[in-house]
1. On the basis of being in contact (Cβ under 8 Å) with a residue 60 or more places away in the chain and open to solvent by 50 Å² or more (accessible area, probe 1.4 Å), does Ala760 make the cut?
2. Filter segment 715-726 down to the residues that are at pLDDT 85 or above and either surrounded by 24 or more Cβ atoms within 10 Å (Cβ to Cβ) or over 20 Å from Ser448 (Cβ atoms) (or both) and list them by number.
3. Looking at Leu122, Leu111, Leu150, which one is touching a Lys or Arg at 6+ places or on another chain (Cβ under 9 Å) and surrounded by 15 or more Cβ atoms within 10 Å (Cβ to Cβ)?
4. Out of segment 517-542, which residues are without any contact (Cβ under 8 Å) to a residue 24 or more places away in the chain, open to solvent by 40 Å² or more (accessible area, probe 1.4 Å) and out of contact with any strand residue (DSSP E or B) (no Cβ under 6 Å at 6 or more places or on another chain)?
5. Would you pick out the residues in segment 614-673 that are touching a helix residue (DSSP H, G or I) at 6+ places or on another chain (Cβ under 6 Å), at pLDDT 85 or above and small (Gly, Ala, Ser)?
6. Please determine whether any residue of segment 277-294 is among the acidic types (Asp, Glu), surrounded by 13 or more Cβ atoms within 10 Å (Cβ to Cβ), more than 25 Å from Ile346 (Cα to Cα) and at pLDDT 90 or above.
7. Only one of Ala734, Ala703, Ala712 is modelled with pLDDT under 90 and open to solvent by less than 10 Å² (accessible area, probe 1.4 Å). Can you tell me which?
8. Which residue is farthest from the chain's Cα centre (by Cα), if the candidates are limited to segment 741-757 and must be touching a residue at least 12 places away in the same chain (Cβ under 8 Å), open to solvent by 30 Å² or more (accessible area, probe 1.4 Å) and under 30 Å from Val435 (Cα atoms)?
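The values are calculated or read from the model by the stated rules, or taken from the named source; none is laboratory data. For clarity, every value in this text was computed on a predicted model and none was experimentally measured. When we count neighbours, we look across all protein chains shown, and the Cβ atoms used for this are built from the backbone with ideal geometry, even at glycine. We work out accessible area using only protein heavy atoms, side chains counted, and drop any ligands, DNA or RNA first. Shrake-Rupley method; radii C 1.70, N 1.55, O 1.52, S 1.80 Å.
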Amino acid sequence: MSSSTVDKAGHASFGVEGMTCANCVGRVEKAIRSLPGVAEARVNLMTSRADVDFDPARVDEEKLFAKVRGEGYNPVALKRDGGGGEEGGLAGAPGTAGSGGGEMAGLKQDLILSLLFGVPILLMSMLPMLIPALMAARMRLIPSDGLWNLLQMGLATPVMFGPGRKFARRGWLALKHKSPDMNTLVMLGTWSAYLSSAVAALVPSVLPAGAREVYFEAAATVIALVLTGKLLEAKAKGRGAEAIQRLLRLKPARAILLRRGAEVEVDIAAVIPGDELAVRPGDAVPVDGVVLSGESRVDETMLTGEPVPKAKRPGDRVTGGTLNGEGYFTFRADKVGADTALANIIRLVEDAQAARPPIQDLADKVVGVFTPGVLLIALLTFAGWLWLGAAPAFPAALTHAVAVLVIACPCAMGLATPAAILAGTGRAAEMGAVVRDGSALQALAETSVLALDKTGTLTQGNPQVTGFSASPGWPEDKLLALGGALEARSAHPLARAWVEFAKSRQVIPAVPSSFRSHSGSGVEGEVAGYRVAVGSHRFLKDRGVFGSLGDGSSGDGALGEPFAAQAARWAGEGAGLVYLAVDGVCVGLAAVSDPLKPEAFAAVEALRAQGLRLVILTGDADAPATAAGKALGIVEVKAGLRPGGKAEIILALREEAGKGSGMGASKDTLKGSGKAGGKVAFLGDGINDGPALASADAGLALAGGSDVAIAAGDIVLMSGDLRGAPRTVALARAVMRTIRQNLVWAFGYNIVLIPVAAGALHPWGWDLNPVIAGAAMGLSSVFVMGNSLRLKRFHPAC
């Protein structure tokens, strides 16, 4: 079994060549699911990829491939891009590499052959009728109609038994399996025209005098036009997969390994965790790691979408594929091959592009009955023209039936959703948003409620001392040094804030002679001959520091009126309070706050402008949570929540939103609904917000760099910039808008043109020639692809 396509857990990903429409997708899925041991099969027309979950004890790659071949399609192993292991990035994107490259070459060869023989037939049949002089010349050179027809047949035959044979084989297999598809329609249309013309050319006497016309130009030209459309589709698919290809190209092939102080250039595959590597100015960082020496600025656009290079110093992380600036530095590799952030991003984007959002179900249901319906319409068209048409009726009956079969190809319907998902997820990756599941884009586009974590999401997640007061007679720097002596030995975030504030004042902490920590509530010890305690108000009271906030007393150990007023003001602003006592007397008070991110205000305003109801869910205390909400203009704030409590509120919000849009509260029902207003999204930092992210219809994880919990959310905002949230919402809505446009076009095109092809406008002199029908069919798919590729140029207003 090939490790390139199948893993031990029972999941396979492989390419499927030869699929041309949504019916093909349905047939391949149905065939694979019929295998005992297969749990699920998902096939994507746009990426020509199948993803299968199965029981490894009952199913293997050979059985899967044999089943696909039995349906008339060619399964192809998707080999992962190498480099230190299987690095993610399936090299089989249509029109780009792997299997797709071979299919593109085959399409080009078939098109050249069909044009080489088809164009002369079209000119031979059409030009003499349009230009009398050419008709006269033709009659002089080849006066016999029979010989003229045989000449056209000689040109059409290589097209029919060359490129046309593939349509015939696949179309017949589809018909045989009672699942007619695009190939069936093209097969019936072109071969009926060719065979009836062959009879007229070879044995005209068996046909009535009025039924001896030939349609070789229609048969050959329609095949050429269908192939032209398929080639344009394949090229568009390649353009849609450019995001993946650009990511793959970011990975350098070589690395500079440091051995005994000397630089040795090696293949990237030779790098292992723990190796010390060097990065020269202008080079790409080969793998993920931590800077050991040197300084530089690194362009992380591919990772975060942010164009400003980031400074890198010893201790900072660097990510494989990012581009070094002017400096030189060394770093220790800790993640290589398939474990790098770049490899994870590539895999997630590929999986998202292969996913099927719920809106795809609508197209699949329609396509399931569409092709059989077209066959019935074509049959009725043929019979109707034979019965009601003016004599000779056979030519008109055949022409209109062939036009119906050719124009009704469901290619555009099959491409409507996956084409937009492919382009949208690729554009999201370029914007620094990694979409793990294409269906998350639909859920996000339909979201009406967005819940947000506070700490680390809306705030910087780094508490800072924002105010400090000292009792008269006590210099602030001395108190900072005494308190810093103890706080420097504590791992509490508020203690780190005290130490950083002291450093900013260029205060050197004293050295304690004793130290004791009390479970996060405070610290105490001996410093420079003083008994020092730093911590919460309750902690100081428990240590014998008397007085209380706001009591106005000024006795021994009392806080005093000045501190009481200051503490009340800072507490009202949402700041945390840290008290300092020396020898049993409270002599210092610090306000510690977690500042809002500078971009939080613009991001929240943009989200509000998008019509979203915003709710803050946080484990922080009520005062700082309410203060943050007030600053941002968010009224709904729920504080003091554990991770499980956030998830419970998310589910309650979903139930409320679901009722508001006429839906029940179950998660499956909500996820399957297409009604706007019934979705709830959650935006968190992706570390301790896992339950809430999983409970939401769309979970947005806000990452802060390369070493992130990528699996936490459905969509990961790699830059850590809150403004990525409204941008991603805008993109998701654009993707869904594009899908709806594609479906309206695909359905509307057939609703309007099938009756025209059947002859509905014949009384007014309007008929649809099969050649024109073939061109219209090809243009329909090209329109869907072009409309979807517009997403690659999407730029959000926020």
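1. Values: in contact (Cβ under 8 Å) with a residue 60 or more places away in the chain: no; open to solvent by 50 Å² or more (accessible area, probe 1.4 Å): yes.
Taking the combined requirement at face value, the residue does not satisfy it.
2. Residues of segment 715-726 at pLDDT 85 or above: 715-717, 721-726.
Those that are at pLDDT 85 or above and either surrounded by 24 or more Cβ atoms within 10 Å (Cβ to Cβ) or over 20 Å from Ser448 (Cβ atoms) (or both): Ile715, Val716, Leu717, Asp721, Leu722, Arg723, Gly724, Ala725.
3. Details: Leu122 fails: touching a Lys or Arg at 6+ places or on another chain (Cβ under 9 Å); Leu150 fails: touching a Lys or Arg at 6+ places or on another chain (Cβ under 9 Å).
Result: Leu111 is the single residue among Leu122, Leu111, Leu150 that is touching a Lys or Arg at 6+ places or on another chain (Cβ under 9 Å) and surrounded by 15 or more Cβ atoms within 10 Å (Cβ to Cβ).
4. Those that are without any contact (Cβ under 8 Å) to a residue 24 or more places away in the chain, open to solvent by 40 Å² or more (accessible area, probe 1.4 Å) and out of contact with any strand residue (DSSP E or B) (no Cβ under 6 Å at 6 or more places or on another chain): Ser519, Gly529, Arg538, Lys541, Asp542.
5. Correct list: Ala639, Ala647.
6. Quick first cut of segment 277-294, residues among the acidic types (Asp, Glu) only: 283, 288.
Pick out the ones that are also surrounded by 13 or more Cβ atoms within 10 Å (Cβ to Cβ) and you get 283, 288.
When the remaining residues are screened for being more than 25 Å from Ile346 (Cα to Cα), the result is none.
There is no residue in segment 277-294 that is among the acidic types (Asp, Glu), surrounded by 13 or more Cβ atoms within 10 Å (Cβ to Cβ), more than 25 Å from Ile346 (Cα to Cα) and at pLDDT 90 or above.
7. Numbers: Ala734 fails: modelled with pLDDT under 90; Ala712 fails: open to solvent by less than 10 Å² (accessible area, probe 1.4 Å).
Answer to the check: Ala703.
8. Restricting attention to segment 741-757, the residues satisfying the condition of being touching a residue at least 12 places away in the same chain (Cβ under 8 Å) are 741-743, 745-747, 749-750, 753-754, 756-757.
Remaining after also requiring open to solvent by 30 Å² or more (accessible area, probe 1.4 Å): 741, 745, 747, 753.
Imposing the further condition that a residue be under 30 Å from Val435 (Cα atoms) reduces the set to 741, 745, 747.
Values: Gln741: 19, Trp745: 23, Phe747: 25 Å.
Applying the filter and picking the extreme gives Phe747.
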